[in-house]
Amino acid sequence: MGKPEKPAGTQGQFSRWRQLQREMQGALAARLDALLEPPPPYLARYRARFEAEFPAWTGRVLAPADLDVRLAAAELIFIGDYHSLPQSQRTALRLLRRLQRRGRAPALALEMLPAERQALVDAFLAGRLARARFVQQVEAERLWDFPWQPVQTLLDFARYHRLPVIALNTRPRRAERALAERDRRAAALIAAQRRREPARPLLVLFGDYHLADGHLPAAAARAGARAGLPPARSLRIFQNQEALFWQSLTPAGRAPEILALAGGDLCIQSATPLMKLQSYVHWLSFHAGEREDWALPDPADLSEDLGLEVDGALRRMGHFLRIPLLEQAPPRVFWIAEPDFARRIARAAGWRDEELALVLASLRLGEDCYLRERDLAVIADPSPNRLAELAARVLHSRTSRLALRPRSLPDDFYLRVVQAALHFLGSLLINPLRKSQDRPALLRYLREDGSGDWRGRAELLLAYLEAEERLQQNGEFDGFSPRFFNLEAPLHRALTRAIGRSLGSRLHAALLADALDPIWLRSLWFEPFHLEGSPLRRYLEILEHLSGEEDRAGRQEPERL
């Protein structure tokens, strides 16, 4: 199918999408301004210096191999952190992993840990303190105000690979001098680690404002000189800066992953400005100010907050996709991490037994659930990405009126694939930097990491994607053997979700390139799948619409971190 003609004088899909992002970001920034008081003068000055000294983008985009060269040459690596954004800490983990795989075995220095609790950290790393007890102690002492799990993942990696971890955080008494004093004390601890193990590289994860040239890096240089150490070969790696996102954004709606900055610094882009703001709003709404007597929130309160957010996202998706929406109240959305909480809500709301069973089954699999008849959704993790995907799920369910009923294995398989593709496509309209599991990533995983159950899943997905490619190239349908259908339920769900996300990513790229007929795409959202064989028919239709354009443009799968 050829590329659809765009009527003269109309906006392309990329321009419409960019406008959508700007509108959502502006609305969220206004909401954040309403929640926050103006920063105190000392913090405003500290931030202003960071912004004034921030290095410009050179226009160069680096490959992961170029990043490895920079990492290998550095002795002291500063990584800027945005505390409320888990993707920020996950990027630090990826960098730590890249150093470890290449035999460099770095030490890890973290702002998230108070220096006075170094003994507690050492006990955990040495195995003298069980993980559960360590986490319990962290939570009891409120060692870190932001989400802890991404930090714990870093510590788990360090413990497994026997890497030193240095606790850097301190809390000076005088607020107006606190930031500079924290830099000075952290710098002294960095110098002490460099003196203990001069041959070991040191990776420092600290709040992004601290990475201004005149802040922590300058303090570390002075502390090193006082300790008699030679100047360290240092590297600053910033993350997710708003101006650079808009400067580097491609017409495919993607921001390059690694940007080269003036002076040899780097910026890694793993989240959009919208996702950064959303993570902070979520932290303010659901985590900030928790007290020792914190209890489960009232279900009605959380339902209203999350329901409005999901409703806003699905309406923006519907507007962009030109899907007409009926006037309807926002869905009720419950954040439920524990089965007992689900049972409590079920009793209060009078759910049927089969509805509760569906919710509990979804929670066991770590999935979200939407009950269309009640216009009620359950989410296990209210992260921005999960909420965006849930919004797409609600939009799809409302438009298709899809009925739950027994289906053949092939129909169930391809129905799940198409659903996952549409839900992932919808979430990419909110966060275009989400990643699906493409072939290069799977091959790298199998080469470097793969073990256990995840290796089997990766091999199965890779085999499917290769069979799918053969089907697109020469119509060979034999690769779609029953082995992909006769799987245990958890593997069946995992495989269909991964295939669907790969397909959704390709649909998103084609959509922003004006390579899809918007009327045909809209018809997918309304498809009720009543007829036997209709899920497979629609799946093959999607491949047909994608293959022609990808053949012309050349399907590219750049290597990623």
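Within region 319-359, if we keep just the residues that are in a loop (DSSP other than H, G, I, E, B) and in contact with a Pro (Cβ under 8 Å, 6 or more places away or on another chain), the residue that is surrounded by the fewest Cβ atoms within 10 Å (Cβ to Cβ) turns out to be 322.
Looking only at residues in region 1-52 that are surrounded by 14 or more Cβ atoms within 10 Å (Cβ to Cβ) and among the charged types (D, E, K, R), the one that is modelled with the lowest pLDDT is 3. Determine, yes or no, whether residue 162 is on the phi > 0 side of the Ramachandran plot and either at pLDDT below 95 or of a type in the set (Ser, Thr, Tyr) (or both). No, not satisfied.
Listed here are the helices (runs of 4 or more DSSP H) enclosed by region 453-561 that have at least 3 residues being polar (S, T, N, Q) and at pLDDT 90 or above: 489-512. Total residues in region 257-281 satisfying the condition of being crowded, with 18+ Cβ neighbours inside 10 Å and within 21 Å of residue 64 (Cβ to Cβ): the figure is 13. Counting residues in region 235-246 that are more than 30 Å from the chain's Cα centre (by Cα), hydrophobic (A, V, I, L, M, F, W, C) and either surrounded by 21 or more Cβ atoms within 10 Å (Cβ to Cβ) or farther than 21 Å from residue 384 by Cα (or both) gives zero.
Scanning region 441-452 for residues that are modelled with pLDDT of 75 or more and not small (Gly, Ala, Ser), we see that the one that is farthest from the chain's Cα centre (by Cα) is 447. Looking only at residues in region 261-293 that are at pLDDT below 85 and of a type in the set (D, E, K, R), the one that is farthest from residue 54 (Cα to Cα) is 293. Scan region 35-57 for residues that are among the aromatic types (Phe, Trp, Tyr) and not in a helix (DSSP H, G or I) and the total you get is 2. Among the residues of region 251-280, write down those that are farther than 18 Å from residue 427 by Cα and β-branched (Val, Ile, Thr). Those that are farther than 18 Å from residue 427 by Cα and β-branched (Val, Ile, Thr): 258, 268. Between 158, 178, the distinction of being of a type outside the set (S, T, N, Q) and surrounded by fewer than 18 Cβ atoms within 10 Å (Cβ to Cβ) belongs to 178 only.
Set side by side, the residues 115, 44 differ, and just one is touching a residue at least 40 places away in the same chain (Cβ under 8 Å), under 23 Å from residue 212 (Cβ atoms) and not assigned by TED's automatic domain parsing to the domain that holds residue 433, which is 115. Only one of the listed residues (129, 85) is touching a Lys or Arg at 6+ places or on another chain (Cβ under 6 Å), farther than 18 Å from residue 265 by Cβ and of a type outside the set (Gly, Ala, Ser). That residue is 85.
The values are calculated or read from the model by the stated rules, or taken from the named source; none is laboratory data. Note that this is a predicted model, so its numbers are computed, not measured. With ideal geometry, Cβ positions are generated from the backbone for all residues, glycine too; neighbour counts draw on all protein chains shown.
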